[in-house]
Amino acid sequence: MAQAEHTHPVPFHTFSGSHRDMGKQQGEALSGMIARGRKMLIESEEFNMARPAYLPRRMFLTLAQFGMWMKYSAHIQWYCPRQFERLLGIARGAHVPPEYTLLLHAMEVEMNKVDYLMPGACTALGVRGARALGGEPVIVKNFDYPEKFRELYIARLDAPAGRHRVLCSTAAPLAGNHDGVNEHGLVICYNYGYGQDEPRRNVPITLWVQEALETCRTTAEAVDLIKRGRRCGGALLMICDASGDLRTLEVSNTMAHERMPQHSVLINTNHYLDEMMARIDVPRDAVYTDRCVPPLRGVRCRESSEARYARALELLAAHDRIGDAELIAMASDHGAHGAPSDNTICRHSDYFSTTCSLVFYPARRAMKITHGNPCRSEFMEFSL
């Protein structure tokens, strides 16, 4: 990895107690960030592309909050009641309406529809067994998103009453998380997927990631929980436990299939590889329409995902043994010609950038994290 040019401090917070208490602590501690997030949302290009021209911004926000509450709240309360309690606690602590905190969870699903506005993207690489240097399983994950949202990111340690402690990367207003490790060494990394089947229940996957980390000890337990979970949205979940049981669980709104490592490595980008899942994926020739933000219009939807996957295959094949240094170098990769772009693993573009990069060590119950491109940022380590 290149020498760090920029250091972005990673805000770190610890919350404990009941889920309502943890939420209240989070809302109080991060009320300024949550308020900034509301302002960012109202002023964002994505939000205003969805807003009818005749509706004032604040009126549209009120209507969106009401609509998402009616669509999501009952399902979250029924299927993930503790995470719903935390969501309410965040709202109380931050002195914002609970409809607003729920809206932010729902928008992850609503705005990540390919024919809509803002599909995010990620790359995750995992290695275990004979290919793992020192024998320890390691996972690296780049979270790619519009740069402006990076200021809402935090690292968080949760100690929920009666459940497992969780160390994770998330955003200030969220009860759930995208990537984390628990006290037993279970790791889950969430890449966005785009299955085109219709949901039967509306529970965002970030909440299921949090729920699994709080309640499961092994990969098999987490896979079973998420498979059974009533959810909405698509994902490629890289899951590994302290024993080195490494798998990908590809999920859509109604389907879920496992994918096992090939030659002791796994790669996830943002398109399904399982044959059954591929049938409901975005068509390979689909392009972003004028309903998307301008930098994406006319681009083939799966272009970046396929390019990043192919490059990851190439990089992994070049090493017999792989440790965290090799994986961080791969996460920092700018392609065969060293030209960073929207199609490189370390992404640099007018819209998507690698806004957060993480390394997980299941056996050590630890993670390294940096906010910003890994090619020019320093990692901080946190451990359970």
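Annotations for the structure displayed:
- Here Ala336 meets the list (1) surrounded by fewer than 21 Cβ atoms within 10 Å (Cβ to Cβ); (2) within 27 Å of Ser243 (Cβ to Cβ) almost entirely, failing just condition (2).
- Test: residue in the range 356-364 that is under 24 Å from Val181 (Cα atoms), part of a helix (DSSP H, G or I) and open to solvent by 50 Å² or more (accessible area, probe 1.4 Å): yes
- Answer residue from the range 187-203, given it is in contact with a Cys (Cβ under 9 Å, 6 or more places away or on another chain) and not in a loop (DSSP other than H, G, I, E, B) and is farthest from Gln262 (Cα to Cα) among those: Tyr192
- Residue check for His13: part of a helix (DSSP H, G or I) and either open to solvent by 60 Å² or more (accessible area, probe 1.4 Å) or at pLDDT 95 or above (or both): no
- Among residues of the range 231-260, those that are of a type outside the set (Val, Ile, Thr), open to solvent by 20 Å² or more (accessible area, probe 1.4 Å) and either under 28 Å from Glu110 (Cβ atoms) or in a loop (DSSP other than H, G, I, E, B) (or both), counted: 10
- Cβ-Cβ distances below 9 Å connect the following pairs, each with a first residue in the range 204-227 that is over 16 Å from Pro160 (Cβ atoms) and outside any helix (DSSP H, G or I), a second residue that is open to solvent by 50 Å² or more (accessible area, probe 1.4 Å) and at pLDDT 95 or above, and a separation of six or more residues or different chains: Thr218/Ser243.
- The requirement of being touching a Pro at 6+ places or on another chain (Cβ under 8 Å) and either open to solvent by less than 10 Å² (accessible area, probe 1.4 Å) or of a type in the set (Lys, Arg) (or both) is not satisfied by Thr370.
- Flag if Leu186 is under 24 Å from Pro98 (Cβ atoms) and over 10 Å from the mean Cα position of the chain (by Cα): no
- Residue selected from the range 274-293 under the condition touching a residue at least 12 places away in the same chain (Cβ under 8 Å) and outside any loop (DSSP other than H, G, I, E, B), by the criterion least open to solvent (accessible area, probe 1.4 Å): Met277
- Residue within the range 328-343 that is of a type in the set (A, V, I, L, M, F, W, C) and in a strand (DSSP E or B) present: no
- Residue match in the range 63-71 (condition: in contact with an Asp or Glu (Cβ under 6 Å, 6 or more places away or on another chain), polar (S, T, N, Q) and either assigned to a helix (DSSP H, G or I) or surrounded by fewer than 19 Cβ atoms within 10 Å (Cβ to Cβ) (or both)): yes
- The range 320-333, residues that are within 21 Å of Ser357 (Cα to Cα) and open to solvent by 40 Å² or more (accessible area, probe 1.4 Å): Asp324, Ala325, Glu326, Ala329
- A Cβ distance below 6 Å, combined with a sequence gap of six or more or placement on separate chains, defines the contacts here; from the range 244-264, residues that are within 20 Å of Ile139 (Cβ to Cβ) and among the acidic types (Asp, Glu) reach residues that are outside any strand (DSSP E or B) and open to solvent by less than 40 Å² (accessible area, probe 1.4 Å) in the pairs Asp245/Thr219; Glu250/Tyr272; Glu250/Asp274; Glu250/Met277.
Conditions (1) touching a helix residue (DSSP H, G or I) at 6+ places or on another chain (Cβ under 8 Å); (2) open to solvent by 50 Å² or more (accessible area, probe 1.4 Å); (3) without any contact (Cβ under 8 Å) to a residue 12 or more places away in the chain, marked per residue:
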residue: Met59; (1), (2), (3): no, yes, yes
residue: Pro81; (1), (2), (3): no, yes, yes
residue: Arg92; (1), (2), (3): yes, yes, no
residue: His95; (1), (2), (3): yes, yes, no
residue: His105; (1), (2), (3): yes, no, no
residue: Val138; (1), (2), (3): yes, no, no
residue: Asp144; (1), (2), (3): no, no, no
residue: Tyr153; (1), (2), (3): no, no, no
residue: Arg163; (1), (2), (3): yes, no, no
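- Within the range 294-319, the set of residues being in a loop (DSSP other than H, G, I, E, B) and either open to solvent by 50 Å² or more (accessible area, probe 1.4 Å) or among the charged types (D, E, K, R) (or both) comprises Arg297, Gly298, Arg302, Ala318, His319.
- When the test is whether a residue is of a type outside the set (Ser, Thr, Tyr), open to solvent by less than 40 Å² (accessible area, probe 1.4 Å) and either modelled with pLDDT of 95 or more or under 14 Å from the mean Cα position of the chain (by Cα) (or both), Val127 passes it.
- Whichever residue in the range 339-354 is hydroxyl-bearing (Ser, Thr, Tyr), crowded, with 20+ Cβ neighbours inside 10 Å and touching a Pro at 6+ places or on another chain (Cβ under 8 Å) and, among such residues, is farthest from Arg297 (Cα to Cα): Thr354
- Of all the criteria given as (1) open to solvent by 10 Å² or more (accessible area, probe 1.4 Å); (2) aliphatic (A, V, I, L, M); (3) in a helix (DSSP H, G or I); (4) under 24 Å from Ser44 (Cβ atoms), the one not satisfied by Leu88 is (4).
The values are calculated or read from the model by the stated rules, or taken from the named source; none is laboratory data. Worth saying up front: this structure is predicted, and the values here are computed from it rather than measured. Virtual Cβ from ideal backbone geometry, glycine too; neighbours counted across all protein chains shown. For the accessible areas, the whole protein counts, side chains as well, though only heavy atoms, and no ligand, DNA or RNA atoms are used. Shrake-Rupley method; radii C 1.70, N 1.55, O 1.52, S 1.80 Å.
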